[in-house]
Structures are given as C-alpha cells and as structure tokens.
1. Only one residue in ALA48, ALA134, ALA39, ALA63 is of a type in the set (Gly, Ala, Ser), on the phi < 0 side of the Ramachandran plot, out of contact with any strand residue (DSSP E or B) (no Cβ under 6 Å at 6 or more places or on another chain) and in contact (Cβ under 8 Å) with a residue 60 or more places away in the chain, so which one is that?
2. Kindly indicate whether ASN121 is out of contact with any His (no Cβ under 7 Å at 6 or more places or on another chain) and either among the basic types (Lys, Arg) or buried (at least 17 other Cβ atoms within 10 Å of the Cβ) (or both).
3. Looking at THR182, is it β-branched (Val, Ile, Thr), surrounded by 12 or more Cβ atoms within 10 Å (Cβ to Cβ) and at pLDDT below 70?
4. Kindly establish whether ARG132 is surrounded by fewer than 18 Cβ atoms within 10 Å (Cβ to Cβ) and within 30 Å of GLN72 (Cα to Cα).
5. For the range 51-60, which residues satisfy the criterion of being free of Cβ contacts under 8 Å to residues at least 24 places away in the same chain and not aromatic (Phe, Trp, Tyr)?
6. Are any residues in the range 94-103 surrounded by 17 or more Cβ atoms within 10 Å (Cβ to Cβ) and part of a strand (DSSP E or B), and if so, which ones?
7. Mind counting the residues in the range 108-143 that are in contact with a Ser or Thr (Cβ under 8 Å, 6 or more places away or on another chain) and of a type in the set (Asp, Glu)?
Amino acid sequence: MQADKPDRQRNPLLEAVGLVTIAGAHLEASLRNLLSCLAQEPTLLKHANTENTSRLIYYCKLALESLDAPEQDRAAISACLQEAGRLQDKRSRVVHSLLLHDGNGVDVVALKPTPKSLGVNRWTATIEEMERTAHEIEELGFEMFRCGWNVVAHKAGMSRIPETEGEQHVHLVTGPEPEDLTAASSD
C-alpha cells in the first residue's frame, strides 16, 4: 500500500526563482551552441563545455572578433552577447540573493552579498519581474539560435532565418498552457 502523499502547496516565489534558475541553464546552453557556430574548434568547445555564463560570453566575443560574416550578423550577435550579460546579471541577482517576503505577500525583499565586503545590497523584486526575466532569457535563446544558424547558413549557402516580430514562440520554461482537447471534440 502506498502511503498518502501530502498535498503540496504551490509557492509562487519558489516557482519564480526556479523559472529564473532553469532559464539561466538554458542561457548557458544557448551560449555554447552559439559558440559552436562562431568557432568550430573542438579544443575550445571542449574547454567551454564546463564554463560559466560570463566565460562563455567572453569566448563568444573573442570568436566574434575573427568571424568572417556579414556585418548585420556580427552586429546581431554582438547585441545578443550584450543582452546575455545583462540578463545574466539579473539571473545572478535572483539566484544568489536571500529572498524574503516583505510581510504583505506581494513584494520580495532580497539581500545580496556585496563583493569584497561584509555588507549586503537590499533590493525589492516582484514575482512578476522574476518571471519576466525568465521569459526574456528564453527569448534571447531563440535569437541566439537564429544568429548562430545565420552564420553557419552564410558559410554553407543555406537559407537564413529572418528576424520575426510579434511571433509567439513555444517556451521551454514558461510555455503556453496545454489546450483542453475535450472542449474541441464536443460534436
């Protein structure tokens, strides 16, 4: 006989932090994939396999310096790397802070250790901001894929993936809710 499992209460704060954490892992995977498109050098790719986000951004920037690609591709990749750095900072701020409810259950008070001191930075966040950060990271992953593809396509004479605006992607972290298939088959 299986013991009854206790009901688990949903915790929006933990869910939001989890979304940001998972999106951060996807960001690292996206950077590794982008690097493999920029520098098809096996030794570098093996070395980069265990590097953190900051180092992966650095390696991608180095590879971009000697990349033989149209300027529009180089500019798009550079913009992606700049955005990756910004989002990595936001991810780190969430993941490496002590997060506490502010007492009213809406905002989160976060305390992040200050580098090379005994102090902390205090900041206020919302669950919605954390979810938005996870979503932005996932969107950046799609853009990095597009940029990496276009660099390889340029070299191989394949079709490019054009920029899309307003198109909804299926998100690995915050995907749409599954459709209710029973409602559609009510004939």
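The values are calculated or read from the model by the stated rules, or taken from the named source; none is laboratory data. In this text, all values refer to a predicted model and were calculated from it rather than measured experimentally. We place every Cβ from the backbone using ideal geometry, glycine too, and count neighbours over all the protein chains shown.
1. The unique qualifying residue is ALA134.
2. Against the criterion (out of contact with any His (no Cβ under 7 Å at 6 or more places or on another chain) and either among the basic types (Lys, Arg) or buried (at least 17 other Cβ atoms within 10 Å of the Cβ) (or both)), ASN121 does not qualify.
3. Criteria not met by THR182.
4. yes
5. Listed by number, the residues that qualify are GLU51, ARG55.
6. LEU99
7. Qualifying residue count, the range 108-143: 2.
Residue-by-condition table, conditions (1) hydrophobic (A, V, I, L, M, F, W, C); (2) modelled with pLDDT under 95; (3) over 21 Å from the mean Cα position of the chain (by Cα):
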site: SER36; (1), (2), (3): no, yes, no
site: THR43; (1), (2), (3): no, yes, yes
site: ALA69; (1), (2), (3): yes, yes, yes
site: ILE77; (1), (2), (3): yes, no, no
site: GLN82; (1), (2), (3): no, no, no
site: SER92; (1), (2), (3): no, yes, no
site: HIS101; (1), (2), (3): no, yes, yes
site: GLY105; (1), (2), (3): no, yes, yes
